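Some notes on the structure that comes next.
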Amino acid sequence: MGESVADWARLCGVSPRQYRRYERKESGAPRARQAALYAHVERYVIQRLLVNTKGRDFVVGNLHGHHAAFESLLKEACFDPFRDRVFSLGDLVERGPDSFQTLRLLQEPWFFAVRGNH
């Protein structure tokens, strides 16, 4: 993995101290990834969105850390980040090779996630 606690905390928009608190709250592996999701979810619990009249809405299932494959599919669909939106339903991390990059999608204004179980 290679990312530090500070990297994960910065990604979640919390201090390293807060991040460690979330990490301790969790049990099981991978604790860091779960802590990142909990930290982010506590900041964005509910969002109400208007109908997208300018572009398309895409709904995807479990990404499981497969960021490159997801980006490839967006490119194939001619995804326009200024008009289109993505709704991710389910797990963002754990199985794939790039969970950190996949979690960074949470910072994109066009990406909306419904929390999975990890």
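Sort SER99, SER15 by Cβ crowding within 10 Å, fewest neighbours at the top.
SER15, SER99
List the residues whose amide H sits under 5 Å from the amide H of PHE58, counting only those 5 or more places along or on another chain, with H placed 1.01 Å from N in the peptide plane.
ARG85, VAL86, PHE87
Go through 104-112, 69-77, 90-98 and give me the packing order, highest mean Cβ count within 10 Å leading.
90-98, 104-112, 69-77
Just so you know, all these numbers are worked out from the coordinates, no wet-lab data involved. Note that the structure is predicted; figures quoted are calculated from it, not measured. Positions of Cβ are generated from backbone atoms using ideal geometry, with glycine treated the same way; all protein chains shown enter the neighbour counts.
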